[in-house]
Amino acid sequence: MSQHDSVTTRLSARIAAQFQTPAVRWGGIALILVFLAVLPAVFGQYATVIMTNALLYVVLALGLNVVVGFAGLLDLGYAAFFAVGAYTIGILTLEFGVNFWLALPCAVVGAAIAGVIIGGPTLRLRSDYLAIVTLGFGEIVRFSARNLAITGKASGLSGIGQPWLFGWHIATPTDFYYVFCGLAIGAVIVSLRLEDSRLGRAWLYVRHDEDVAEAMGINRVAVKLAAYVIGAIFAAIGGAFFAANLGAISPESFSFTQSVLILMAVILGGMGKIPGVILGAFIVILGPELLRNLGELRLMVFAVMLLLIMLFRPSGIWPKRGTRS
Amino acid sequence: MTAALLSLSGVSLAFAGNTVLQNVDFQVAEGAVVSLIGPNGAGKTSLFNCITGFYKPQTGTITFDGQALLKLKPHRVTAAGIARTFQNVRLFREMTVMQNVMSGMHCRTRSGAIAAILGLPSQRAEEAAIREACDDCLRFVGVTPDEYDRIATTLAYGHQRRVEIARALATQPKLLLLDEPAAGLNAGEKQELIALIRRIRDERGISVLLIEHDMGLVMQVSERISVLDHGAMIADGTAREIQANPKVIEAYLGQEDAEAELDF
Ligand SMILES: Nc1ncnc2c1ncn2[C@@H]1O[C@H](COP(=O)(O)OP(=O)(O)OP(=O)(O)O)[C@@H](O)[C@H]1O
Ligand SMILES: [Mg+2]
């Protein structure tokens, strides 16, 4: 077992080391971009739709990664912010006739405010109160969506319009695929920049040793709240385009299972490691698809695979960053 | 004498009825190097924790540079100009020497999430300034650039102590609190520490308050010494006065290792 572990560790470390030379890294990025660009033409509509979903999960997982991976806060109700984004778009465009691009900033602000309301009081407390509060928040949001008239109760909202962007009507699955490509790439860039910034370092300090971080002059509550709100914004943007893409949303899209799935992508990828989290998002979405011909068994096989991964690589599939010593 | 930079008056602290500090009056003058000594468990570290906002005394006032400290959260105390090191070196694990020291600059810089996401020129300039200031602090304490990218906790112990001091200096303090900085150092390293403490005061104009058990070091480096015993301040004076003070000798005689400790 440990033999096997060390082999995979060395192998993945070597792959990661390859990525660290600039030529290989840029080559790899170019390759990925070309692949993304030609995917709809080469693999057809079915693959495009699946990939669109995977890219949505990249956005969501990277957002949750800011909260869980960077800042070390356990959030069990992340789908609530996804719902806030989706329902804000649904309600504003359907009931108030607001343009999608005007509704989008409202969704972002709405999620940020929700983040402050939930995070503000809870993040002051130590330990894992946040996990419980976020779990409750997730259920409250879903429960409200199920029971309020304005959110369409259990059947949800349908007929959400597709947005225009500078004369481009974002309408076909392929159009949305490219939009989600853009969102995912944006999420990656934002994550990378945040990680390598004053705020990104502050999250690391607080995660490693709250007391020392405070002694060094870092306001731990403010820094955690920033992570929580940024995570909420990622989810709201994902939710907004999710609503526009499907045209219909219902409370069941924002269940606890959804929160767990996103969290799984983050943990699987190795919390805080951006490439790992992206890979994690692809695994949780594409994994069950690739196993499709196993029929009824596929979810169980998938669950066993996840368990095995967690057993053999408890700190995620992506190797630790190489450090000179 | 110059005005007091730090002033404690009537500070009492108890945990669940257990008195740790009783009615402590204590001062550090601007530009001074002051030592706080006392037997194990006397309450020295607790006093540091009160000053830095980690412990909240039940009574008393603490004033620093004209500002009341007791209402402040620890990060505000640091921003006000008090930096500290820890009795057991507490570097951020799994982070490099440079990253560790950069934490100190947090309270002296401003860039937030939006500046970082957009990569604004002001943010890049600030990042460069942070590195430069940290480089300066690290060189000052005698850590060389080839060590900057090493994981801090893999350095030799003496160098970890230096990194911790550099990290405290990076907060640009007016007063530096050192909790047993010589613990675990060899004789040569202790001499370097004495020189470093003097340079911190003379070249940087930072006042220093240190807790230390090594009497040789205390006698050499400090202008004034205060003695804490069972939470009470029992003596205060120059090295010579403290050495001759019967109350101090008595306080240390209660300890098994009294002779070693009183080996002035
Ligand atoms: N958070 C706390 N809760 C309860 N008791 C505490 C706490 N912190 C300190 N004490 C108690 O206060 C007393 C003084 O401890 P402190 O660490 O301040 O001593 P010290 O003078 O620094 O000793 P040393 O030389 O061994 O470092 C001890 O009896 C300790 O048990
Ligand atoms: Mg102590």
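The values are calculated or read from the model by the stated rules, or taken from the named source; none is laboratory data. Source: prediction; values computed, not measured. Backbone-built Cβ (ideal geometry, glycine too); neighbour counts: all protein chains shown. The area values use the complete protein model at the heavy-atom level, side chains included, leaving out ligands, DNA and RNA. Shrake-Rupley method; radii C 1.70, N 1.55, O 1.52, S 1.80 Å.
Of note:
- Taken together, the residues in segment B:175-204 that are open to solvent by 40 Å² or more (accessible area, probe 1.4 Å) and either among the charged types (D, E, K, R) or within 16 Å of ligand 2 (Cβ to nearest atom) (or both) amount to 10.
- Check on B:R90, surrounded by 13 or more Cβ atoms within 10 Å (Cβ to Cβ), of a type outside the set (A, V, I, L, M), under 27 Å from B:C50 (Cβ atoms) and within 18 Å of the chain's Cα centre (by Cα): yes
- For B:G104, the conditions (1) away from chain A (no Cβ under 12 Å); (2) open to solvent by less than 10 Å² (accessible area, probe 1.4 Å); (3) not polar (S, T, N, Q) are fulfilled apart from (1).
- Scanning segment A:240-253 for residues that are closer than 30 Å to A:L165 by Cα and either at pLDDT 95 or above or β-branched (V, I, T) (or both) turns up at least one hit.
- Residues in segment A:162-181 that are open to solvent by 40 Å² or more (accessible area, probe 1.4 Å) and either charged (D, E, K, R) or not in a strand (DSSP E or B) (or both): 7 in all.
- Selection of strands (runs of 3 or more DSSP E) fully inside segment B:167-248 by the criterion of at least 2 residues being without any contact (Cβ under 8 Å) to a residue 12 or more places away in the chain and under 19 Å from B:R84 (Cα atoms) returns nothing.
- Test for A:A86: is it in contact with a strand residue (DSSP E or B) (Cβ under 9 Å, 6 or more places away or on another chain), among the small types (G, A, S) and either assigned to a helix (DSSP H, G or I) or modelled with pLDDT under 90 (or both): yes
- Checklist (1) within 13 Å of chain B (Cβ to nearest Cβ); (2) open to solvent by 30 Å² or more (accessible area, probe 1.4 Å); (3) more than 17 Å from the chain's Cα centre (by Cα); (4) of a type outside the set (G, A, S) applied to A:E195, failing item: (3)
- Test: residue in segment A:89-97 that is of a type in the set (A, V, I, L, M) and crowded, with 24+ Cβ neighbours inside 10 Å: yes
- Residues that are part of a loop (DSSP other than H, G, I, E, B), of a type outside the set (A, V, I, L, M, F, W, C) and touching a strand residue (DSSP E or B) at 6+ places or on another chain (Cβ under 7 Å) do not occur anywhere in segment B:137-144.
- Taken residue by residue, segment B:38-47 has at least one member that is under 26 Å from B:I194 (Cβ atoms), within 14 Å of another protein chain (Cβ to nearest Cβ) and within 16 Å of ligand 1 (Cβ to nearest atom).
- Checklist (1) at pLDDT 90 or above; (2) open to solvent by less than 30 Å² (accessible area, probe 1.4 Å); (3) out of contact with any Gly (no Cβ under 9 Å at 6 or more places or on another chain) applied to A:I113, failing item: (2)
- Taking every residue in segment B:84-103 that is in contact (Cβ under 8 Å) with a residue 24 or more places away in the chain and pairing it with any residue that is assigned to a loop (DSSP other than H, G, I, E, B) and among the polar types (S, T, N, Q), at least 6 positions away or on another chain, the pairs with Cβ-Cβ distances below 9 Å are B:R84/B:T52; B:E94/A:T323; B:T96/A:T323; B:S103/B:T171.
- Scanning segment B:142-158 for residues that are under 15 Å from B:M102 (Cβ atoms) and either open to solvent by less than 50 Å² (accessible area, probe 1.4 Å) or facing chain A (nearest Cβ under 10 Å) (or both) returns B:V143, B:E147, B:Y148, B:D149, B:R150, B:I151, B:A152.
- Filtered by the rule that a residue be of a type in the set (G, A, S) and either within 8 Å of chain A (Cβ to nearest Cβ) or crowded, with 24+ Cβ neighbours inside 10 Å (or both), segment B:70-87 gives B:A79, B:A83.
- Comparison of B:E223, B:E259 shows that the only residue that is over 25 Å from B:L13 (Cβ atoms), of a type in the set (D, E) and either outside the structural domain of B:V11 (by TED's automatic domain parsing) or modelled with pLDDT of 90 or more (or both) is B:E223.
- The listed residues are B:Q67, B:Q58, B:Q27, and the only one of them that is away from every other protein chain (no Cβ under 14 Å), open to solvent by 10 Å² or more (accessible area, probe 1.4 Å), in contact with a helix residue (DSSP H, G or I) (Cβ under 7 Å, 6 or more places away or on another chain) and away from ligand 1 (no atom under 12 Å from the Cβ) turns out to be B:Q67.
- In the set A:T93, A:T48, only one residue is touching a Gly at 6+ places or on another chain (Cβ under 9 Å) and among the polar types (S, T, N, Q); that residue is A:T93.
- Scan segment B:167-204 for residues that are away from chain A (no Cβ under 14 Å), within 16 Å of ligand 1 (Cβ to nearest atom) and closer than 22 Å to B:S103 by Cα and the total you get is 2.
Condition check ((1) of a type in the set (A, V, I, L, M, F, W, C); (2) at the interface with another protein chain (Cβ under 7 Å from one of its Cβ atoms); (3) under 22 Å from B:T85 (Cβ atoms)) across all residues:
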{"site": "A:A171", "(1), (2), (3)": "yes, no, no"}
{"site": "A:Y177", "(1), (2), (3)": "no, no, no"}
{"site": "A:C181", "(1), (2), (3)": "yes, no, no"}
{"site": "A:A184", "(1), (2), (3)": "yes, no, no"}
{"site": "A:L204", "(1), (2), (3)": "yes, yes, yes"}
{"site": "A:V212", "(1), (2), (3)": "yes, yes, yes"}
{"site": "A:A215", "(1), (2), (3)": "yes, yes, yes"}
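- Test for B:E164: is it more than 16 Å from ligand 2 (Cβ to nearest atom) and either among the hydroxyl-bearing types (S, T, Y) or touching a residue at least 12 places away in the same chain (Cβ under 8 Å) (or both): no
- Elements of type strands (runs of 3 or more DSSP E) in segment B:3-56, at least 3 residues being within 16 Å of ligand 2 (Cβ to nearest atom) and at negative phi: B:18-29, B:33-37
- Annotation: of all residues in segment B:205-215 being within 16 Å of ligand 1 (Cβ to nearest atom) and not hydrophobic (A, V, I, L, M, F, W, C), the one that is surrounded by the fewest Cβ atoms within 10 Å (Cβ to Cβ) is B:H213.
- Only a single criterion out of (1) within 14 Å of chain B (Cβ to nearest Cβ); (2) modelled with pLDDT of 95 or more; (3) open to solvent by less than 30 Å² (accessible area, probe 1.4 Å) is not satisfied by A:V221, namely (2).
- Odd one out for B:G231, checked against (1) modelled with pLDDT under 90; (2) farther than 14 Å from B:V34 by Cα: (1)
- Top-ranked residue of segment B:109-122 - restricted to ones that are in a helix (DSSP H, G or I) and at the interface with another protein chain (Cβ under 7 Å from one of its Cβ atoms), ranked as most open to solvent (accessible area, probe 1.4 Å): B:I117
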